[in-house]
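What follows is a set of notes on a single structure, which appears directly below.
Read-outs: derived from the displayed coordinates by stated rules, not from any lab. Note that the structure is predicted; figures quoted are calculated from it, not measured. Glycine also receives a Cβ, built like all others from the backbone with ideal geometry; neighbour counts cover every protein chain displayed.
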Amino acid sequence: MKHDPKAIALDRIRILLKEAQSNILQNPDLAQRQAGIAKRISTKYKVRLPYETRMQFCKKCKSFIPPGTNARIRMGRSALKSIRITCRFCNHTYRKVIIQPK
Ligand SMILES: [Zn+2]
């Protein structure tokens, strides 16, 4: 289990994304590159990224858009609790539902 390539891949992805997050303000280009590598690793090893991680990538242009940096986040006003995330690179907006209605 220790040498499970998927576990190692996921570990590397975590490290890369952590680095990317700490670099995004000072060095956005580097952060985008690190995030890009993380995404490539996940594709190569077919590891499913955790939900919080997937949320940080634009669905359209695949840019790394952690909240508060390259994404604009707005609360939805409907009864369905949701947030709207707008990518600053391609202006693509998508909605995330926070609480599923019962
Ligand atoms: Zn985008």
Q) For all pairs of alpha-carbon atoms in the stretch 26-69, what percent lies in each bin of width 5 Å, listed from the first bin to the last filled one? A) 5, 21, 33, 28, 10, 3, 0
Q.
How would the chain be classified by its alpha-carbon gyration tensor: rounded, prolate or oblate, with rounded meaning a/c under 1.5 and the a/b versus b/c comparison settling the rest?
A. oblate
Q) Using Cα atoms only, what is the angle between the long axis of helix 5-23 and the major principal axis of the chain, expressed in degrees (0 to 90) to the nearest 10? A) 60
Q. So if R0 is 30 Å, what FRET efficiency would residue 30 and residue 88 give, r being the distance between their Cβ atoms, rounded to the nearest 0.05?
A. 0.95
(Q) Restricting to bridges with both residues inside the chain, how much of the DSSP beta-bridge set is antiparallel, in percent to the nearest 5? (A) 90
Q) Among 27, 47, 94, which residue has its Cα positioned farthest towards the positive end of the charge dipole of the chain, with +1 placed on the Cβ of Lys and Arg, -1 on the Cβ of Asp and Glu, and the dipole taken about the Cα centre? A) 94
(Q) If I model a spin label at residue 80 and residue 18 as a point 7 Å from the Cα along the Cα→Cβ vector, what separation in nanometres do I get? (A) 3.6
Q | Neighbourhood charge, 12 Å Cβ-Cβ cut-off, centred on residue 97 and excluding it, Lys, Arg +1 and Asp, Glu -1 | A | +4
